[in-house]
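A.B. asks: Structure provided below as structure tokens; questions to follow.
Read-outs throughout are calculated quantities, based only on the coordinates presented, and are distinct from any laboratory measurement. No experiment lies behind these values; they were computed from the predicted model shown. Neighbour counts are summed over all protein chains in view; Cβ atoms, including those assigned to glycine, are modelled from backbone coordinates with ideal geometry.
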Amino acid sequence: MGVIEVKPRKVSAGEIKVGSPVKLTIKVKNTGDADMDITKVVSKKHGTVYFDAATAGKMVIRPNETKIIPVEIVAKKPGRYLDYVMIHSNARNVTDKGYKVVVVAMAK
């Protein structure tokens with residue numbers, strides 16, 4: 001089976017400007033011994049869908065392969081920005097709630 005690995009699990013955008021989109025990337029690696037499907041990547045707090053296999057087609061990550069998933073965040077108010085990007089996959093270490101990647105920033 002596939003095994004998902006994201007390093008780092010906490011992605012920092014540093015200092016960002018309120019209302020201005022910031023592009024980040026999440027590196028997803030399959031450390032398992034079989035293909036792994038990514039079915040959806042979504043923001044838990046804001047509901048933003050970054051990838052959906054239902055509309056974009058299946059994303060397959062082969063063993064020892066890494067794929068880059070782009071995400072874009074927008075802070076709506078000043079202060080600490082915190083979100084969870086949930087990666088849904090058939091990997092053996094992913095629950096039905098998804099694989100959590102923390103995204104942080106400081107909005108001004």
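A.B. asks: Which entries of Lys29/Lys77; Lys10/Lys76; Lys10/Lys40; Lys29/Lys108 have Cα-Cα distances beyond 29 Å here?
C.D. replies: Too far apart for the 29 Å limit: Lys29/Lys77; Lys29/Lys108.
A.B. asks: Could you estimate the translational diffusion coefficient of the chain from the Stokes-Einstein equation, with Rh from the Kirkwood formula over C-alpha pairs, at 25 °C and 0.890 mPa s, in whole µm²/s?
C.D. replies: Reported coefficient: 173 µm²/s.
A.B. asks: Tell me, what is the FRET efficiency for Lys7 and Val49 to the nearest 0.05, using R0 = 22 angstrom and their Cβ-Cβ distance as r?
C.D. replies: For Lys7 and Val49, the calculated efficiency is 0.40.
A.B. asks: Follow-up question, since we're still on this one. For segment 66-108, take every pair of Cα atoms, bin their distances at 5 Å starting from 0, and report each bin as a whole percent.
C.D. replies: Distribution as computed: 6, 18, 23, 20, 15, 11, 6, 2 percent.
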